[in-house]
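Student: Submitted below is the structure of interest, expressed as structure tokens.
The values are calculated or read from the model by the stated rules, or taken from the named source; none is laboratory data. What you see is a predicted model; the values in this text were computed from it and never measured. Positions of Cβ are backbone-derived with ideal geometry, glycine not excepted, and every protein chain shown enters the neighbour counts.
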Ligand code: ZN
């Protein structure tokens, strides 16, 4: 009854995979086949079937008719013998969510290339991957190897369709680094041109992986783990799987052999590895009920995404400071940037965390020029809420309990037994469990943080750790937040985000109730003159630096091809940037509180 797939990088120049699917006992009433419309972990309908460019069916040596019945599904005419389906998939998506094939590299997620057989999703599968266009290619995946050669080509297997699509596959002449964390073999492969210091990556990743395995308690929930990394000129992203992750990074973010410090790009890369690895527990095994099982044909709604993405975002950087990969000062800089990014989105006053979670499919994943005014990120605000929850629990229990205890309880009650029980966290169970484990009534904090748009009480909670809070205006367009000893902010603001344009300055986002919006300017408008003088982005900053609040300015701008004139009243910039630092006079009690959170 095993289902057999054979996938071949058929035409790298045309980016085409060729797939053969053998079904020994198709539904005699007419087998239905379909491709998922989304990939778990990335909450957007992507309709992968649009890249199936040809498909045909055969049974007992005869061609069989296939009818498309919806955007992602086909029905084969009834047959009484085994069925063979042949199809081709166009693969030119460089992201971690799809499939890619060219002369240098092949990568795929099963969601892009393996048709599901309706009614046989629980059957075991075999995948044959024999050939590569280049002799120097190797293959990396955490699918179980059944019979493979030294380079990794051969036959792999999965217990069912859900497992089949949760092990991405990379084929190229990649670099490989291997290490053992808590007795479990780990591997990172890096495709794309790079000069990374591999021994350093081994050292640093070992610390992250060992810390997180021990955080949830050994043994790790996987037999092996694989980081599939693609290094490019400009790119960033990651997607979690049950025993692997696909990552894309800027090659300059990887550490070079002569470097010893943790540069900002490398800090971000380690944070990404830490984030996706933490998901092995939080979302791959501790899951919302809505994903247990996934419905791959439509949106799967949950108001708990903040707990799976926000809390994971809290622990990704926290792991770096707890393992000593970054200092407390560096951690506070990252935290300042997270706070600043939330402070700067006026959408935090419009959307709460539960709504942000629920509407991820149409809002967070489909951002447009109005997004800063309309949404709040369940990643960044979710991470800040996790910090609030952690500090509140620590304060109320005098350091005896923390968010760590809640996470470990979720692991014991849901994650560790997920493979056998398949039970997810119901929408109301997360908060109930947190209250039961800590013995605290946290209703008011949950109502405030998840169901209202009121500010989080972070500033006051950070005082417990002896951390000072600096609230200030941004000093430049490059200012992401962080403590400044000298603050030289521009005196005026336009209330818009902008980018350079060949004709002047283009407004990319016009912020709610700012001077630009009040003057009638819109996203997409290209400013060409300031008080009758031609504008470039450099001149714009000079004009703004010389202006004073309440001053009126005449702006000429093109909307599409129509020239318009706007009278704009400048205002002082918002104090929407935050810096944090440990107070020089912080007490021993604060020091001990910091040690409990940061681990040293
Ligand atoms: Zn995530």
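Student: Take region 32-46 and flag every residue that is more than 15 Å from the ligand (Cβ to nearest atom) and either outside any loop (DSSP other than H, G, I, E, B) or farther than 13 Å from residue 361 by Cβ (or both).
Tutor: 32, 33, 34, 35, 36
Student: Conditions first: (1) outside any loop (DSSP other than H, G, I, E, B); (2) surrounded by 14 or more Cβ atoms within 10 Å (Cβ to Cβ); (3) under 29 Å from the mean Cα position of the chain (by Cα). Residue 463 passes all but one, so which condition is the exception?
Tutor: It fails just one condition, (3).
Student: Also, I was wondering about something else. Which condition number does residue 423 fail, the rest of (1) assigned to a helix (DSSP H, G or I); (2) surrounded by fewer than 19 Cβ atoms within 10 Å (Cβ to Cβ); (3) within 27 Å of the chain's Cα centre (by Cα) being met?
Tutor: Residue 423 satisfies all of (1) assigned to a helix (DSSP H, G or I); (2) surrounded by fewer than 19 Cβ atoms within 10 Å (Cβ to Cβ); (3) within 27 Å of the chain's Cα centre (by Cα) except (1).
Student: For residue 597, all conditions in the list (1) assigned to a loop (DSSP other than H, G, I, E, B); (2) out of contact with any strand residue (DSSP E or B) (no Cβ under 7 Å at 6 or more places or on another chain); (3) more than 23 Å from residue 347 (Cα to Cα) hold save one; what is the number of the exception?
Tutor: With (1) assigned to a loop (DSSP other than H, G, I, E, B); (2) out of contact with any strand residue (DSSP E or B) (no Cβ under 7 Å at 6 or more places or on another chain); (3) more than 23 Å from residue 347 (Cα to Cα) applied to residue 597, the lone miss is (1).
Student: Something else about it: Which ones in region 449-463 are closer than 16 Å to residue 307 by Cβ and out of contact with any helix residue (DSSP H, G or I) (no Cβ under 7 Å at 6 or more places or on another chain)?
Tutor: Of everything in region 449-463, nothing turns out to be closer than 16 Å to residue 307 by Cβ and out of contact with any helix residue (DSSP H, G or I) (no Cβ under 7 Å at 6 or more places or on another chain).
Student: Do you know which residues across region 492-519 are surrounded by fewer than 16 Cβ atoms within 10 Å (Cβ to Cβ), out of contact with any helix residue (DSSP H, G or I) (no Cβ under 8 Å at 6 or more places or on another chain) and either in a loop (DSSP other than H, G, I, E, B) or at pLDDT below 95 (or both)?
Tutor: 502, 503
Student: So in region 553-583, with the set limited to residues that are outside any strand (DSSP E or B) and in contact (Cβ under 8 Å) with a residue 60 or more places away in the chain, which one is farthest from residue 339 (Cα to Cα)?
Tutor: Of everything passing the filter in region 553-583, 570 is farthest from residue 339 (Cα to Cα).
Student: In region 7-32, which residues are surrounded by 14 or more Cβ atoms within 10 Å (Cβ to Cβ) and within 30 Å of the chain's Cα centre (by Cα)?
Tutor: Scanning region 7-32 gives 7, 8, 9, 12, 15, 16, 17, 18, 19.
Student: Quick one: would you say residue 578 is touching a helix residue (DSSP H, G or I) at 6+ places or on another chain (Cβ under 6 Å) and closer than 22 Å to residue 514 by Cβ?
Tutor: Considered against the rule, which asks whether it is touching a helix residue (DSSP H, G or I) at 6+ places or on another chain (Cβ under 6 Å) and closer than 22 Å to residue 514 by Cβ, residue 578 comes out as yes.
Student: Would you be able to say whether some residue in region 299-315 is part of a loop (DSSP other than H, G, I, E, B) and over 18 Å from residue 357 (Cα atoms)?
Tutor: No, there is no match, as no residue in region 299-315 is part of a loop (DSSP other than H, G, I, E, B) and over 18 Å from residue 357 (Cα atoms).
Student: Residue 489 - would you say it is at pLDDT below 95, within 30 Å of residue 316 (Cβ to Cβ) and not in a helix (DSSP H, G or I)?
Tutor: So residue 489 fails the test.
Student: Is it the case that residue 7 is within 16 Å of the ligand (Cβ to nearest atom) and touching a helix residue (DSSP H, G or I) at 6+ places or on another chain (Cβ under 8 Å)?
Tutor: Here the answer is no, as residue 7 does not meet what is asked.
Student: Also: Can you name the condition, by its number, that residue 357 falls short on among (1) within 24 Å of residue 467 (Cβ to Cβ); (2) out of contact with any strand residue (DSSP E or B) (no Cβ under 7 Å at 6 or more places or on another chain)?
Tutor: Here residue 357 meets the rest and fails (1).
Student: So is residue 116 farther than 23 Å from residue 29 by Cβ and in contact with a strand residue (DSSP E or B) (Cβ under 8 Å, 6 or more places away or on another chain) or not?
Tutor: no
Student: Continuing with this model, one more query. For residue 399, all conditions in the list (1) surrounded by fewer than 19 Cβ atoms within 10 Å (Cβ to Cβ); (2) farther than 30 Å from residue 598 by Cα hold save one; what is the number of the exception?
Tutor: (2)
Student: Checking residue 303 against (1) within 16 Å of the ligand (Cβ to nearest atom); (2) surrounded by fewer than 24 Cβ atoms within 10 Å (Cβ to Cβ), which single condition isn't satisfied?
Tutor: (1)
Student: For residues in region 235-247 being in contact (Cβ under 8 Å) with a residue 60 or more places away in the chain, under 22 Å from residue 263 (Cβ atoms) and surrounded by fewer than 21 Cβ atoms within 10 Å (Cβ to Cβ), which is farthest from the chain's Cα centre (by Cα)?
Tutor: Looking at the filtered set, the residue picked out is 235.
Residue by residue, here is whether (1) within 16 Å of the ligand (Cβ to nearest atom); (2) more than 21 Å from residue 291 (Cβ to Cβ) holds:
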{"site": "316", "(1), (2)": "yes, no"}
{"site": "331", "(1), (2)": "no, yes"}
{"site": "348", "(1), (2)": "no, yes"}
{"site": "351", "(1), (2)": "no, yes"}
{"site": "354", "(1), (2)": "no, no"}
{"site": "373", "(1), (2)": "no, yes"}
{"site": "379", "(1), (2)": "yes, no"}
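Condition check ((1) without any contact (Cβ under 8 Å) to a residue 24 or more places away in the chain; (2) more than 16 Å from the ligand (Cβ to nearest atom); (3) at positive phi) across all residues:
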{"site": "212", "(1), (2), (3)": "no, no, no"}
{"site": "224", "(1), (2), (3)": "no, yes, no"}
{"site": "233", "(1), (2), (3)": "yes, yes, no"}
{"site": "249", "(1), (2), (3)": "yes, no, no"}
{"site": "272", "(1), (2), (3)": "no, no, no"}
{"site": "289", "(1), (2), (3)": "no, yes, no"}
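Student: What about residue 268, is it surrounded by fewer than 20 Cβ atoms within 10 Å (Cβ to Cβ) and within 16 Å of the ligand (Cβ to nearest atom)?
Tutor: Considered against the rule, which asks whether it is surrounded by fewer than 20 Cβ atoms within 10 Å (Cβ to Cβ) and within 16 Å of the ligand (Cβ to nearest atom), residue 268 comes out as yes.
Student: Same structure, new question: Residue 49 versus (1) closer than 18 Å to residue 298 by Cβ; (2) without any contact (Cβ under 8 Å) to a residue 60 or more places away in the chain; (3) surrounded by fewer than 19 Cβ atoms within 10 Å (Cβ to Cβ): which is the lone unmet condition?
Tutor: Going through (1) closer than 18 Å to residue 298 by Cβ; (2) without any contact (Cβ under 8 Å) to a residue 60 or more places away in the chain; (3) surrounded by fewer than 19 Cβ atoms within 10 Å (Cβ to Cβ) one by one, residue 49 breaks only (3).
Student: Yes or no: region 318-325 includes at least one residue that is within 16 Å of the ligand (Cβ to nearest atom) and not in a helix (DSSP H, G or I).
Tutor: no
Student: Of the residues in region 466-483, how many are assigned to a loop (DSSP other than H, G, I, E, B), surrounded by 16 or more Cβ atoms within 10 Å (Cβ to Cβ) and more than 28 Å from the chain's Cα centre (by Cα)?
Tutor: 2
Student: Residue by residue through region 452-486, note down the ones that are modelled with pLDDT of 95 or more, closer than 28 Å to residue 517 by Cα and out of contact with any strand residue (DSSP E or B) (no Cβ under 7 Å at 6 or more places or on another chain).
Tutor: If the condition is that a residue be modelled with pLDDT of 95 or more, closer than 28 Å to residue 517 by Cα and out of contact with any strand residue (DSSP E or B) (no Cβ under 7 Å at 6 or more places or on another chain), then 452, 453, 454, 455, 456, 480 are the ones that fit.
Student: With the condition kept exactly as written, say whether any residue in region 381-396 is buried (at least 22 other Cβ atoms within 10 Å of the Cβ) and over 25 Å from residue 579 (Cα atoms).
Tutor: No: region 381-396 contains no residue that is buried (at least 22 other Cβ atoms within 10 Å of the Cβ) and over 25 Å from residue 579 (Cα atoms).
Student: Return yes when residue 178 is surrounded by fewer than 17 Cβ atoms within 10 Å (Cβ to Cβ), more than 23 Å from the chain's Cα centre (by Cα), modelled with pLDDT of 95 or more and under 22 Å from residue 285 (Cα atoms) and no when it is not.
Tutor: When the stated conditions are applied, residue 178 does not pass them.
Student: Follow-up question, since we're still on this one. Consider residue 389 carefully, then state whether it is under 14 Å from residue 456 (Cα atoms), more than 16 Å from the ligand (Cβ to nearest atom), in contact with a helix residue (DSSP H, G or I) (Cβ under 9 Å, 6 or more places away or on another chain) and not in a loop (DSSP other than H, G, I, E, B).
Tutor: Considered against the rule, which asks whether it is under 14 Å from residue 456 (Cα atoms), more than 16 Å from the ligand (Cβ to nearest atom), in contact with a helix residue (DSSP H, G or I) (Cβ under 9 Å, 6 or more places away or on another chain) and not in a loop (DSSP other than H, G, I, E, B), residue 389 comes out as yes.
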